[in-house]
């Protein structure tokens, strides 16, 4: 399989109206869902989610190993899956990689703007859902460059479906510490699950309670990096 090289896409400083939908199945999400004006600073963003090859290279070069290794990289990639999104990593695992490459995780607001753009598209590719443009309801992940036609306004791919993506914030509502996930995943639960999965709109985030690291690592959850310009 030909190696897919991630590249950085420039996002020019802008303002947009942040407005979020949130599906509540257990408790409520205490973050401000808007509408509110948000300032996006100049930054670069990875075109693709971080891949198995990229993350395993980080581990090899740095010797990184988390204190709590439960389910760390538990989804062992096969030799032909180097271009698949890396999963089974916690928010902290993702942050350590991002720091190593000179970046960071996007904020919830930045992620939404990168996905929806100045035209506030409902989906990265436009306002109409098209399952052929994303990994929405399948049995497994796909390589990061599988849905070129489903890219966002700025050229970022896999911003809906394939794997959920971590954002940078950790919140505390007095009862739970939680993070916000974006984008949805390849697995769509047809029955009533706590997390429905499937591809998700650009203005949708999911509240994930931060528990122990093993429970923060899932086979449907990865990340991409941004870089301050």
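Just so it is clear, none of the values below were taken in a lab; they were calculated from the coordinates. Source: prediction; values computed, not measured. Please note: Cβ atoms are built from the backbone with ideal geometry, for glycine as well, and neighbour counts cover all protein chains shown.
Numerical summary
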{"read-out": "Over the chain: helical MRE at 222 nm, DSSP H runs n ≥ 4 each giving -39500 (n - 2.57), nearest 500", "value": "-4000 deg cm²/dmol"}
{"read-out": "Scattering curve values for the range 8-228, log₁₀ I(q)/I(0), Debye with Cα scatterers, q = 0.10, 0.14 Å⁻¹", "value": "-0.40, -0.82"}
{"read-out": "Point-to-point label distance, residue 101-residue 30, nm (Cα→Cβ direction, 7 Å offset)", "value": "3.3"}
{"read-out": "Full-extension gain in nm, residue 122 to residue 39, via 0.36 nm per residue minus C-alpha separation", "value": "27.9 nm"}
{"read-out": "Rough spin-label spacing in nm, given labels placed 7 Å along Cα→Cβ, for residue 19 and residue 80", "value": "4.6"}
{"read-out": "Cα-derived Rg to Rh of the range 139-229, Kirkwood definition", "value": "0.98"}
{"read-out": "Highest-first arrangement of 100-111, 152-163, 36-47, 63-74, where packing means the average Cβ count within 10 Å", "value": "152-163, 100-111, 36-47, 63-74"}
{"read-out": "Hypothetical label at residue 12: residues of the range 101-127 whose amide nitrogen lies under 13 Å (7 Å Cα-Cβ projection)", "value": "118"}
{"read-out": "Computed E for residue 132/residue 189 - FRET, C-beta separation, R0 25 angstrom, nearest 0.05", "value": "0.75"}
{"read-out": "For the range 1-111, alpha-carbon Rg and Dmax in angstrom", "value": "16.9, 45"}
